[in-house]
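Below: the structure, in structure tokens.
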């Protein structure tokens, strides 16, 4: 779709799942608002994304409310249970210290594994149905704000006008820098390796996370491919120098290293796509909003994947921002003023800080081979495993379900 107007109520920079979810959420609730998404990536680049992500139950409810889940569900893999172990790579036996059942309610898994391509396809389809304007292959080079509006300058010379500009352009957000918003940031000296693995035996929907000295090694269940091959997604944390060496290695060497961590419980394994590695760190924006400007998704927070919550935090941002904007517009208020946007910041900042601190502590605690620390954490895991109510609490937290969650995450319309 071409941009037929230079004036919009909301412009979103970034056509990832967060930007698309914000656009769809607002457009569905307030069709009268003109919304545009501007994305610097070349048109069609999103179709080459072969990554997968864990979608929590709350995000599933949101996608269902937005009219996307029915399209995604046939290709999504439910997590039936999860096991956590703590060991060294060479240990012949990896004792299970903690297990979680896979449902938050009868028939409702606490998470699904979904291909990014399927997720983005469904959100783009819905955005098109709702009349969201897509401007692709051109980035935002700058913007200037006055009391009534923001002028957004594009790389091709065009200038757009909006009441609210949303930056959903990733952890290295250029718009965040343009807005003068500072971050708290540090690196872990680790990189995450991702790839898809085929294996002989079915996984039964089980997710596993092994805490190894270099960092967590997660095995996440996927649906079989079109040839019926059993598959799992790997998120493998290693020291950065080791990760770089591993992804550059010969395929046989990489598979041998992978097998040492994966084990043979599912039979012979083989890597189905080229592994990639990316550096891991923590990035938290000091502020989420400015007048007529808001951060969402990784532009507001980048966290370690140890708890698998990065994507789900982004959906929480999308649901909260959409609800604030929609309610303000219904009341005839200006959706871009600072007092309106601060409602969004107050809603999201504590949750984001809490998750950032939690993942940071877990990363430091479980990426260590120090004997006394291993004994303490294993004792703690075993203790939690014997406390069903505490395990239920952790599952509900991970699923994103709470009474304070935005309506869309509770499966309710805005």
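The values are calculated or read from the model by the stated rules, or taken from the named source; none is laboratory data. This is a predicted model, so every value here is computed, not measured. Heads up, the Cβs are rebuilt from the backbone with ideal geometry, glycines too, and the neighbour counts pull from every protein chain shown.
Taking the condition of being at pLDDT 70 or above and under 21 Å from residue 100 (Cβ atoms), how many residues in the range 382-414 meet it? Spell out how you get there, then give the answer.
If we filter the range 382-414 for residues that are at pLDDT 70 or above, which is where we start, we get 386-389, 392-414.
Those left that are additionally under 21 Å from residue 100 (Cβ atoms): 386-389, 392-402, 405, 409.
Selection size over the range 382-414: 17.
How many residues are closer than 18 Å to residue 402 by Cβ and part of a helix (DSSP H, G or I) when one looks only at the range 48-62?
Count: 6.
Write out, first by first residue and then by second, each pair whose Cβ atoms fall under 8 Å of each other, whose residues are 6+ apart or on separate chains, and whose first residue, in the range 13-40, is on the phi > 0 side of the Ramachandran plot and crowded, with 23+ Cβ neighbours inside 10 Å while the second is modelled with pLDDT of 95 or more and in a helix (DSSP H, G or I).
As it stands, the answer is 14/297; 14/299, since those pairs meet every condition given.
Is it the case that residue 329 is out of contact with any strand residue (DSSP E or B) (no Cβ under 6 Å at 6 or more places or on another chain), modelled with pLDDT of 90 or more, within 26 Å of residue 191 (Cα to Cα) and not in a loop (DSSP other than H, G, I, E, B)? Break it down stepwise before answering.
Working: out of contact with any strand residue (DSSP E or B) (no Cβ under 6 Å at 6 or more places or on another chain): yes; modelled with pLDDT of 90 or more: yes; within 26 Å of residue 191 (Cα to Cα): no; not in a loop (DSSP other than H, G, I, E, B): yes.
Spelling it out, it is not the case that residue 329 is out of contact with any strand residue (DSSP E or B) (no Cβ under 6 Å at 6 or more places or on another chain), modelled with pLDDT of 90 or more, within 26 Å of residue 191 (Cα to Cα) and not in a loop (DSSP other than H, G, I, E, B).
Looking at the range 210-234, which of its residues are part of a strand (DSSP E or B) and either under 17 Å from residue 276 (Cα atoms) or at pLDDT below 95 (or both)? First the steps, then the outcome.
Going through the range 210-234, the residues part of a strand (DSSP E or B) turn out to be 210-212, 215-222, 230-234.
Correct list: 210, 211, 212, 215, 216, 217, 218, 219, 220, 232, 233, 234.
So, in the range 214-257, how many residues would count as being under 17 Å from residue 201 (Cα atoms) and in contact with a strand residue (DSSP E or B) (Cβ under 7 Å, 6 or more places away or on another chain)? Please lay out each step first, then the result.
Let us first name the residues in the range 214-257 that are under 17 Å from residue 201 (Cα atoms), namely 219-234.
Those still in the list that are in contact with a strand residue (DSSP E or B) (Cβ under 7 Å, 6 or more places away or on another chain) too: 219-225, 229-234.
Total meeting the criteria: 13.
The conditions are (1) in contact with a helix residue (DSSP H, G or I) (Cβ under 8 Å, 6 or more places away or on another chain); (2) free of Cβ contacts under 8 Å to residues at least 12 places away in the same chain, and residue 146 fails exactly one of them. Which is it?
Checking residue 146 against (1) in contact with a helix residue (DSSP H, G or I) (Cβ under 8 Å, 6 or more places away or on another chain); (2) free of Cβ contacts under 8 Å to residues at least 12 places away in the same chain, the one that fails is (1).
Here are some residues: 85, 121. Which one is surrounded by 14 or more Cβ atoms within 10 Å (Cβ to Cβ) and not in a strand (DSSP E or B)? Even if it seems obvious, please write down each step before you answer.
Working: 85 fails: not in a strand (DSSP E or B).
Answer to the check: 121.
In the set 287, 273, which member is outside any strand (DSSP E or B), over 25 Å from residue 116 (Cβ atoms) and touching a residue at least 40 places away in the same chain (Cβ under 8 Å)? Spell out the reasoning first.
Working: 273 fails: over 25 Å from residue 116 (Cβ atoms).
The match here is 287.
Tally the residues that are touching a helix residue (DSSP H, G or I) at 6+ places or on another chain (Cβ under 8 Å), outside any strand (DSSP E or B) and without any contact (Cβ under 8 Å) to a residue 60 or more places away in the chain, restricting the search to the range 168-208.
0
Only one of 108, 136 is at pLDDT 90 or above and either surrounded by fewer than 14 Cβ atoms within 10 Å (Cβ to Cβ) or out of contact with any strand residue (DSSP E or B) (no Cβ under 8 Å at 6 or more places or on another chain) (or both). Can you tell me which? Show your work before the answer.
Working: 136 fails: either surrounded by fewer than 14 Cβ atoms within 10 Å (Cβ to Cβ) or out of contact with any strand residue (DSSP E or B) (no Cβ under 8 Å at 6 or more places or on another chain) (or both).
After applying the criteria, what remains is 108.
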